[in-house]
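One structure below.
The values are calculated or read from the model by the stated rules, or taken from the named source; none is laboratory data. This one's a predicted model, so the numbers in the text were calculated from it and none came from an experiment. Here the Cβ positions follow ideal geometry from the backbone for every residue, glycine too, while neighbour counts run over all protein chains shown.
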């Protein structure tokens with residue numbers, strides 16, 4: 001990277017969720033880099049209570065895909081340098097159409113919009129466009145828009161095979177092997193796997209551990225499937 005070189009935010013369209021097949025001419029480069037972007041994270045819990053219980057201890061369910069909010073500025077008033085070959089009579093219409101062709105248009109072959117890879121600086125986001133609002137802000141005497149702002153929201157996508165592997169890794173009904181890290185205790189590790197620390201005694205028994213307080217970093221712990229379930 002050359003010193004002082006300016007990198008623009010770039011959106012690349014792909015035909016598949018594995019992001020291996022690029023769309024021909026499926027690249028949009030922003031005129032101006034955004035002033036900000038927002039990544040929204042969410043954790044879902046199950047608030048259902050067991051019969052007869054008096055407390056409410058939400059149980060972790062899953063972490064849904066995150067959202068990315070971005071704003072794109074389009075300007076053909078002349079205050080920002082552009083390609084001189086651009087037809088000034090169409091204002092920002094062509095620029096917005098290019099954005100839509102990459103991020104919004106429906107692909108007949110895939111029967112859905114494209115998968116998008118968004119890169120800028122440390123930001124690398126893979127997802128789909130789920131919402132877009134265009135605000136036209138300035139017009140020439142003929143009513144052609146010369147300036148516009150697109151507010152777009154993207155939702156993260158994950159390859160189903162990777163998502164399934166992750167869900168299996170977190171399922172309390174499957175066998176797990178974990179490596180002890182500094183500060184880990186058997187009750188804490190049992191809680192991470194099963195959602196309940198009371199199973200640490202079963203884990204200790206399965207691993208032949210007589211003193212669960214003396215776990216060593218780097219030690220492998222086998223977590224067996226849960227046979228009994230909490231009601």
Quiz item: In region 183-205, how many residues are more than 19 Å from residue 217 (Cβ to Cβ), at pLDDT below 85 and part of a helix (DSSP H, G or I)?
Solution: 1
Quiz item: If you scan region 99-126, which residues turn out to be crowded, with 16+ Cβ neighbours inside 10 Å and either part of a strand (DSSP E or B) or not assigned by TED's automatic domain parsing to the domain that holds residue 27 (or both)?
Solution: 113, 115, 116, 117, 118, 120, 125, 126
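Quick one: would you say residue 129 is at pLDDT 80 or above and not assigned by TED's automatic domain parsing to the domain that holds residue 70?
Working: at pLDDT 80 or above: yes; not assigned by TED's automatic domain parsing to the domain that holds residue 70: no.
The answer is no for residue 129.
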Quiz prompt | region 58-87, subset surrounded by 12 or more Cβ atoms within 10 Å (Cβ to Cβ) and out of contact with any strand residue (DSSP E or B) (no Cβ under 8 Å at 6 or more places or on another chain), residue modelled with the highest pLDDT | solution = 80
Exercise. Could you please let me know if residue 180 is farther than 30 Å from residue 25 by Cα, at pLDDT 85 or above and in contact with a strand residue (DSSP E or B) (Cβ under 8 Å, 6 or more places away or on another chain)?
Key: yes
